[in-house]
Amino acid sequence: MRRTHDRKQMASKEDIRSSRRLHRRTLRPDQIATAGASIARHGTAWAGTVSPGTAATFAVYVGVAFEPPTMPLIEALHDAGHRVLLPVCEPGRQLSWVYWTPSTIFVRSAYAPIDEPEGERLESRVIAGTAGIFMPATAVDRDGNRIGQGGGYYDRLLHGLDAAGQRPPTIAVVYDDDLLPSGSIPAEAFDRPVREVLTPSGVVRLDGPADMD
């Protein structure tokens with residue numbers, strides 16, 4: 001039987017986002033730290049599969065508060081010989097990018113409640129030349145539909161990359177129980193689905209259409 005999704009029965013994106021944020025706030029510091037170490041291990045292994053045998057550049061983000069920690073991943077990628085680009089919020093919900101090193105200084109963003117790296121800012125077209133993108137999410141369903149933080153920064157980034165046919169392999173980072181069943185997340189025309197998810201338990205290949213990225 002063909003599966004259909006009744007959107008009237010689906011929770012809204014904002015409801016799902018709020019629910020996942022509330023759940024994340026129940027995590028203990030040791031659980032968050034353990035998740036960060038596992039994400040670093042599995043994420044570095046994934047980087048090796050998309051760029052085998054060579055040092056490469058990866059776009060990552062800094063997980064804050066109760067988000068899955070990504071600083072261990074950033075440091076592990078650097079230790080493996082890769083370069084890391086971190087995002088900076090710009091006007092118009094756009095991103096610029098700064099290369100990270102262990103000596104990078106962070107300052108408060110002018111546009112979001114986060115700290116961002118200081119350094120030379122590069123336009124988002126630099127991402128087309130990366131080996132992969134680790135992107136934030138509050139939830140992803142098994143169709144590849146993703147809920148971010150609500151700003152639309154990454155959907156805009158991926159839209160531009162997709163339009164040019166230049167999107168690198170893309171993987172969303174979530175906790176294990178942020179990966180929801182198919183049909184859980186309402187998809188809109190502007191949304192850019194993902195094909196893989198990185199969780200503390202490992203990399204999950206999703207069930208979405210083959211041409212989603």
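The values are calculated or read from the model by the stated rules, or taken from the named source; none is laboratory data. Everything quoted here is computed from the prediction, not taken from an experiment. For neighbour counting, all protein chains shown are included, and Cβ atoms are generated from backbone atoms with ideal geometry for every residue, glycine included. Ligands, DNA and RNA are stripped out before the accessible areas are found, and what is left, the full protein with its side chains, is counted by its heavy atoms. Shrake-Rupley method; radii C 1.70, N 1.55, O 1.52, S 1.80 Å.
For segment 193-213, taking the residues that are touching a Lys or Arg at 6+ places or on another chain (Cβ under 8 Å) and part of a loop (DSSP other than H, G, I, E, B), the one that is modelled with the lowest pLDDT is identified as ASP213. Checking each residue of segment 127-134 against the condition of being part of a strand (DSSP E or B), surrounded by 22 or more Cβ atoms within 10 Å (Cβ to Cβ) and not hydrophobic (A, V, I, L, M, F, W, C) gives at least one match.
Residue-wise test of (1) of a type outside the set (A, V, I, L, M, F, W, C); (2) within 28 Å of LEU180 (Cα to Cα).
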position: GLU14; (1), (2): yes, yes
position: PRO29; (1), (2): yes, yes
position: VAL60; (1), (2): no, yes
position: VAL88; (1), (2): no, no
position: PRO91; (1), (2): yes, no
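Only one entry of ASP155, ASP115 meets the criterion of being among the charged types (D, E, K, R), open to solvent by 10 Å² or more (accessible area, probe 1.4 Å), under 30 Å from SER19 (Cα atoms) and in contact with a Gly (Cβ under 9 Å, 6 or more places away or on another chain), and that entry is ASP155. Filtered by the rule that a residue be open to solvent by less than 20 Å² (accessible area, probe 1.4 Å) and out of contact with any strand residue (DSSP E or B) (no Cβ under 6 Å at 6 or more places or on another chain), segment 175-201 gives TYR175, GLY183, THR199. Looking across segment 137-164, just one residue is over 17 Å from CYS89 (Cβ atoms) and free of Cβ contacts under 8 Å to residues at least 24 places away in the same chain, and that is ALA163.
Every condition in (1) open to solvent by 60 Å² or more (accessible area, probe 1.4 Å); (2) part of a loop (DSSP other than H, G, I, E, B); (3) touching a helix residue (DSSP H, G or I) at 6+ places or on another chain (Cβ under 7 Å) holds for GLY165 except the one numbered (3).
The condition (being without any contact (Cβ under 8 Å) to a residue 40 or more places away in the chain, of a type in the set (Ser, Thr, Tyr) and farther than 30 Å from ALA189 by Cβ) is satisfied by just one residue among THR44, THR34, THR57: THR44.
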